[in-house]
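Working notes for the structure below.
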Amino acid sequence: KHCFTKSEDGYLCCEGLRVEDVMNNVEKSPFYLYSKPQITRNFQAYRDALEGLDSIIGYAIKANNNLKILEHLRKLGCGAVLVSGNELRLALHAGFDPTRCIFNGNGKLLKELVLAAQEGVFVNVDSEFDLDNIISAARIAGKKVNLLLRINPDVDPQVHPYVATGNKNSKFGIRNEKLQWFLDAVKAHPNELKLVGAHCHLGSTITKVDIFWDAAVLMVNYIDQIRAQGFKIDYLNIGGGLGIDYYHTGAVLPSPRDLIDTVRELVLSRDLNLIIEPGRSLIANTCCLVNHVTGVKTNGTKKFIVIDGSMAELIRPSLYDAYQHIELVSPSSPGAGISTFDVVGPVCESADFLGKDRELPTPASGAGLVVHDAGAYCMSMASTYNLKMRPPEYWVEEDGSVAKIRHAETFEDHIRYFEVLVELPNYGN
Ligand code: LLP
């Protein structure tokens, strides 16, 4: 079951509610519209797939950090994957159990690591200097850190280069040639470090589960080597990265179950606790960015639909040439011809497009138009470029009511940043 459906008379609905009706009842445009039950269903798909395994589902909160969504996932039993001190603070604020949280990153700061050590979250070590900082953090916090080695397995995830992370020349993780150095360093710091597992993350938008199999085989092999040196490690963290059906072609893509079944026997054979770090596959398809059409224009051979949403609210098409499905929320008037349009925003950049060469009925000004699969890496990557303030977020609840889950940012919010300016002391001269 999926939350966004077309009614028989041609209206786009979210959990049975017409998106057009929601548009008529909220004060700002564009806005993000989520389905809370869809978030639950996506989480349950992972939980069901993991039955029979010891596991932690660590939601990668970089994908979407709405506090209401985090609290909902936490109540369902989810853990959290964090890449900054503020993400860690937010996870704690949302009530996540720190022992189900994992702190990742290639540039973790000492003060962030101190917080992680104090709270007892798992830390993935990424480099030599990172290990130095983790040791210092453990001393400052007076606590041993539960450590996972982030190994860069050099498996090609076959995705856009900007979202590939586990290849040989990536900035993330450590190469296996250095494994022994790290094991020796851990052995030398028994008061600060407890090695508990190994981690890898291959990349994002992965649509073939063989890639996870290849990585898991390598990782289990490293775990065997690490255990052979007397380390008692229990955790295999295979990261996130499962892709979704952005194209809406109905093509069957691997599900969470397919992913888990691929590695299940390997994990059981070594008696491991499996950590996974999904972001996109938990949250992307639960949401649309809902926009109004401002107008339609033609230039040269191109036809454009200009909407009020833009690359400021949703940058993935501009940044990765990503495809996100676009459709109108209401049936078009009989006789409205289908044309090929670029769907663009009002931002002063030629890269400001939400979709290129889309076959759509010519919309009237004021019509509703959605960009699908906007739950992951859209609001969390939104900017205020051109002073397009960040949009509000709503969700449809189980009983069909609509609730605001984040206020719109306002012009007044922007002015407020300048209220407290103080002069800096005069350096130099
Ligand atoms: N774990 C680690 C260590 C990661 O770096 C990431 C994502 C995840 C888990 C979650 O991956 P997911 O399941 O969401 O694929 N902004 C890009 C995606 C960047 C992903 C960064 N790392 C996009 O919009 O496609």
Check your understanding: Counting only residues that are of a type in the set (Gly, Ala, Ser), more than 14 Å from the ligand (Cβ to nearest atom) and part of a loop (DSSP other than H, G, I, E, B), which one in the stretch 79-113 is farthest from the chain's Cα centre (by Cα)?
Key -> 95
Review point. Which one of these does residue 203 not meet: (1) within 15 Å of the ligand (Cβ to nearest atom); (2) on the phi < 0 side of the Ramachandran plot; (3) in contact with a helix residue (DSSP H, G or I) (Cβ under 9 Å, 6 or more places away or on another chain)?
Key: (2)
Review point. Which residue out of 211, 226 is hydrophobic (A, V, I, L, M, F, W, C), under 20 Å from residue 175 (Cβ atoms) and either more than 16 Å from the ligand (Cβ to nearest atom) or assigned to a strand (DSSP E or B) (or both)?
Key: 226
Check your understanding: Which of the strands (runs of 3 or more DSSP E) contained wholly in the stretch 1-60 include at least 2 residues that are closer than 21 Å to residue 290 by Cβ and basic (Lys, Arg)?
Key -> none
Practice item. Could you check residue 162 against (1) closer than 30 Å to residue 261 by Cβ; (2) crowded, with 16+ Cβ neighbours inside 10 Å and say which number it fails? Key: (2)
Review point. Across the stretch 1-24, what is the total count of residues that are in contact (Cβ under 8 Å) with a residue 60 or more places away in the chain, within 20 Å of residue 371 (Cβ to Cβ) and open to solvent by 30 Å² or more (accessible area, probe 1.4 Å)?
Key: 6
Point to revise | Odd one out for residue 267, checked against (1) open to solvent by less than 30 Å² (accessible area, probe 1.4 Å); (2) in a helix (DSSP H, G or I); (3) within 16 Å of the ligand (Cβ to nearest atom) | key: (3)
Point to revise | Those residues of the stretch 270-307 which are touching a Phe, Trp or Tyr at 6+ places or on another chain (Cβ under 8 Å) and open to solvent by 60 Å² or more (accessible area, probe 1.4 Å), in sequence order | key: 296, 297, 298, 303
Practice item. Would you mind telling me which numbered condition in (1) open to solvent by 10 Å² or more (accessible area, probe 1.4 Å); (2) touching a residue at least 40 places away in the same chain (Cβ under 8 Å); (3) part of a helix (DSSP H, G or I) residue 138 fails? Key: (1)
Exercise for review: Pairs only if they're at least six apart or on different chains, beta carbon under 8 angstrom, first in the stretch 367-391 and on the phi > 0 side of the Ramachandran plot and of a type in the set (D, E, K, R), second away from the ligand (no atom under 13 Å from the Cβ) and open to solvent by 40 Å² or more (accessible area, probe 1.4 Å); list them, first residue then second.
Suggested key: 373/325
Revision key, fill the gap. Scanning the stretch 252-261 for residues that are part of a helix (DSSP H, G or I) and open to solvent by less than 30 Å² (accessible area, probe 1.4 Å) gives 256, 259, 260
**Study point:** Conditions (1) within 16 Å of the ligand (Cβ to nearest atom); (2) out of contact with any strand residue (DSSP E or B) (no Cβ under 8 Å at 6 or more places or on another chain); number of the one not met by residue 190
**Key:** (1)
Check your understanding: Could you count how many residues in the stretch 327-357 are within 29 Å of the chain's Cα centre (by Cα) and either without any contact (Cβ under 8 Å) to a residue 12 or more places away in the chain or surrounded by fewer than 17 Cβ atoms within 10 Å (Cβ to Cβ) (or both)?
Key -> 8
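The values are calculated or read from the model by the stated rules, or taken from the named source; none is laboratory data. Computed from a prediction, not measured in an experiment: that's the story for all the values here. No Cβ is skipped: glycine too gets one built from the backbone with ideal geometry, and neighbour counts run over all protein chains shown. Accessible surface is based on the protein model in full, side chains and every heavy atom, while ligands, DNA and RNA are left aside. Shrake-Rupley method; radii C 1.70, N 1.55, O 1.52, S 1.80 Å.
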